[in-house]
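Some notes on the structure that comes next.
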Amino acid sequence: MKTDDKIITKSPTTVVKGRFAPSPTGRMHLGNVFAALISWLSVKKQDGKWVLRIEDLDPQRSRLEYARLIEDDLHWLGLDWDEGGLDDSGPNPPYRQSLSGEIYEEALRKLKETGLTYPCYCTRADIMATQAPHESDGRVVYSGKCRPLELGGTLTTPPEGKSERATRLIVPDETIHFTDRLYGPQAVNLAEHCGDFILRRADGAWAYQLAVVVDDARMGITEVVRGSDLLLSSAQQIYLYRLLGLPVPEFAHVPLICNDAGQRLSKRDRSMSMEEVRKVAEPSHVIGQLAHLAGLLPAPFPISAQGLLHLFSWSAIPKLSKII
Ligand code: GLU
């Protein structure tokens, strides 16, 4: 193995562990499969373990049926996992976030002890009214309206008639530095990037940022490979790892696959959804196409995921945020 293929510096006893953490809110598209493939190849090349975690945090949008289809698509592609999935097999269950509430509760309790959390009564409409969405990606930076008074908040008593509240975490006006395996050194100021962020929503749903950190840590994940849309949110996650005293994994974000119009794929792009793809292609064609986009094959030859392992190298993958 070339040194550049290792995304972590490991001692002989460290088990390399990666994961694929889909949200079962629709059928997978080729962009999801691309991230899963690179994660699988990176881990398997290092003789590591690959975890499938079902991120069904959003009760309104998650469906068991989609989780079953994700599993079926991964099997069809030859991307088999060593731990996790709907049958919860492995040493760190639950592997479904909807079943992990007590674990997140405990983490939230620890964060509350730091004195850095506060209840927030803002509705989405309040937030949009006080802050213009970030121009390039629609991100909203929270204004800090419900912060404690001494930290610039404006609320003296809970607003009348609002019993529901979210829990937010105070972020420092400080730059978080980290090095992404593909995109290199990153510097993110959390106050400018997102402001105080949500740990638990007013309806009781756990926020992605808290759940992903708690789960990656408790499952012993050493490398996080996922789409480049989540690159900057790694800074929020590093902040949480530090507050919770947990080891930070290595981050490797990969380009997003776009449609012909240059827009990143969404679950609405039917032609790139696995449902349509499976009607017209064999698994080896899909893997070959994606491997070609990843710079691992000079042309999109049919190949199995297993057959691609000896060709895998991080240095081949284009350092682009999107691939069309
Ligand atoms: N559940 C997230 C998604 O499907 C991925 C989260 C992650 O990989 O950290 O977009």
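Since every read-out is calculated from the coordinates, none of them should be taken as a lab result. What you are looking at is a predicted structure, and each value in this text was computed from that prediction instead of being measured. All Cβ positions, even for glycine, are placed from backbone atoms using ideal geometry, and neighbour counts span all protein chains on display.
Taking a ≥ b ≥ c as the square roots of the eigenvalues of the Cα gyration tensor, an a/c ratio of 1.5 or more together with a/b no larger than b/c marks region 83-128 as oblate. Reported to the nearest whole Å, the Cα centre-to-centre distance from region 82-117 to region 164-204 is 19.
Using Cα pairs under 8 angstrom and six or more residues apart, how large is the relative contact order of region 252-317, in percent? Mind dumping the intermediate values first?
Details: 53 pairs, mean separation 13.4, N = 66.
Normalised by residue count, the contact order of region 252-317 is 20 percent.
Among the chymotrypsin sites (Phe, Trp or Tyr not before Pro) in region 210-264, none sits in a DSSP loop with a Cβ that has at most 15 other Cβ atoms within 10 Å. Expressed as a whole percent, the proportion of Cα-Cα pairs in the chain lying more than 38 Å apart is 16%.
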